[in-house]
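Data first, discussion second: the structure below is written as structure tokens.
Here, each number is a calculation from the coordinates, and none is a lab measurement. Note that the coordinates shown come from a computational prediction; the quantities given were computed from them, not determined experimentally. Cβ placement follows ideal geometry from the backbone for every residue including glycine, while neighbour counts extend to all protein chains displayed.
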Amino acid sequence: MAEASHNYTLLKADRLIDASGGSTIDGAALLISGNEIAAMGRQADVRAPDGATVQEIDYGDATILPGLVDCHTHLCAPGDGTPGDEISKEDHQILLLQAAKNARTILHSGVTTIRENGSAGSTTINLKEGIRRGLAVGPRMVICGRPLAITGGHMGYWGSEVNGPWEARAEVRQLLKEGADYIKITATGGSTRTSDPNIASFTVTELRAITEEAHNHGVLTAAHCTSAQGVQNCLDAEVDMIIHCEFNEPDGTTVERPDLVERLIEANAWVNPTLHVRRAAIRATEDRKSEGAFSKDDQLALDNQYRDLDSRVKAVGGMIEQGVKMVAGSDSPWGYYAPGEFVFEMEMLTQAGLSNSDAILSGTSWSAASIGADNVSGTLEVGRSADVLVAGGDPLSGMPALWDVRDVFQAGTVVQRGIK
Ligand SMILES: [Zn+2]
């Protein structure tokens, strides 16, 4: 127990979920000393040392949780449907301001840790440093800087196009020198105009060079994969996280690949399926429809979007059933997925088959483990930085409870959100 002269904050709520996988504590209290969690448990058992000054907040019907962990963001994007090809034409100073605005929104929503999956140039490297210096407000950031792409490949416009194993190794070293915490790879094409999402990009030799170099430096790797061949290549190269994990063929058809699902389980790889980003695009189309001037072709395209989302949810559900490790990562503010709405992705994972309690873990402790941040984030533990979300109601009865953000604490200090 820390000394009595420290500042203490005592949070009380009807429930506490520490996200370690154990049971909920009813009638709970969490004691913050300075920037750390000093104690937690039942209200009768948690108290500050005698004589200490304690600020007490009783939230009543609410739940104390670890700050959420979103393992997939793109802070440069506005989240209004602007394509990446267009965003990449913006001045990087504008993109840095956009990123700072998004980081603040994300923190205010209860997400205290993010893994940034790739933005322009040095924007997120500078934002992370700016947050450290108190120049901007935002969550703890695990950054890649820029994703590695082949020439013309997905997100190559951010500035790290490489070809061949040695160029790839050199860029890994460069990114680590600039401050990258992990290495992101676009192993297939994507929405980038000059790329094809159904076709693998890097060869296995190139991917092996990247993962070997990253692992040699003790950092993790994650790859955008929207084709079956891309997933297979990444498994061959021992990539740690498979993002999207779609089994598309070069002709655009989607196939079942039980062999690859089996390999994902054997490899103990994390999968970040990014479901809501599709639903957000559907909702944008529905909005357009409600405004009128919606053609027959538009309707056909919308029907296709519905079918695609449905089959994605089923495919992810199948993987969950077979034991693939699923984590929540929003992909926001990419496409139409506005920042600060991470809860939508956790909710989509429940639609795919995760229980409410597992969905909470997918957005806290599992997500933290998947990005190598489980030593600082994702669970409530005595001695840890007090990154805490207090949400109204009970998320075990459904993810929407997490929309009701009562308070967010970052390293023991309440985040001033300007709304009460
Ligand atoms: Zn992404």
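Give, as ranges by residue number, the residues of the stretch 185-218 whose backbone N falls under 16 Å from the point 7 Å along Cα→Cβ of TRP166. Inside the label zone: 206, 209-210. The radius of gyration of the Cα set in the stretch 149-290, together with its Dmax, comes out at 15.6, 53 angstrom. Label separation (ASN268 vs SER357): 2.4 nm, computed from points 7 Å beyond Cα along the C-beta direction.
If you take the Cα centroid of the stretch 286-340 and the Cα centroid of the stretch 185-257, the two points sit 21 Å apart. For the stretch 111-230, the Cβ-based charge dipole about the Cα centre amounts to some 400 debye (Lys, Arg positive; Asp, Glu negative; other atoms uncharged). For the chain, the residue among THR211, GLY121, GLY393 whose Cα projects farthest onto the positive side of the dipole built from Cβ charges is GLY121. The dipole here belongs to the chain: it is taken about the Cα centre, uses +1 on the Cβ of Lys and Arg and -1 on the Cβ of Asp and Glu, and is about 780 debye. Can you give the translational diffusion coefficient of the stretch 231-278 in µm²/s, computed by Stokes-Einstein from the Kirkwood radius over Cα pairs at 20 °C and 1.002 mPa s? Once the numbers are plugged in, D ends up at 188 µm²/s.
When the P(r) is computed for the stretch 266-420, the part past 27 Å accounts for 32% of the Cα-Cα pairs.
Over all other residues within a Cβ to Cβ distance under 11 Å of ALA411, the charged ones net out to 0, with Lys and Arg as +1 and Asp and Glu as -1. Volume per residue of the convex hull around the Cα atoms, evaluated for the stretch 43-122, comes out as 157 Å³. Against the chain, whose longest principal axis is taken from its Cα atoms, helix 123-132 shows a tilt of about 10°. Cross-linked pairs LYS128/LYS177; LYS89/LYS128; LYS184/LYS325; LYS12/LYS101; LYS101/LYS184: Cα-Cα separations exceed 25 Å for LYS12/LYS101.
For the stretch 224-317, the Kirkwood hydrodynamic radius from C-alpha pairs, put into Stokes-Einstein at 25 °C and a viscosity of 0.890 mPa s, yields a diffusion coefficient of 167 µm² per second.
In the calculated pair-distance distribution of the chain, the portion above 38 angstrom amounts to 20 percent of the Cα-Cα pairs.
Projecting the Cα atoms of SER33, ALA269, ASN163 onto the dipole axis of the chain, where Lys and Arg carry +1 and Asp and Glu carry -1 at the beta carbon, places SER33 farthest toward the positive end.
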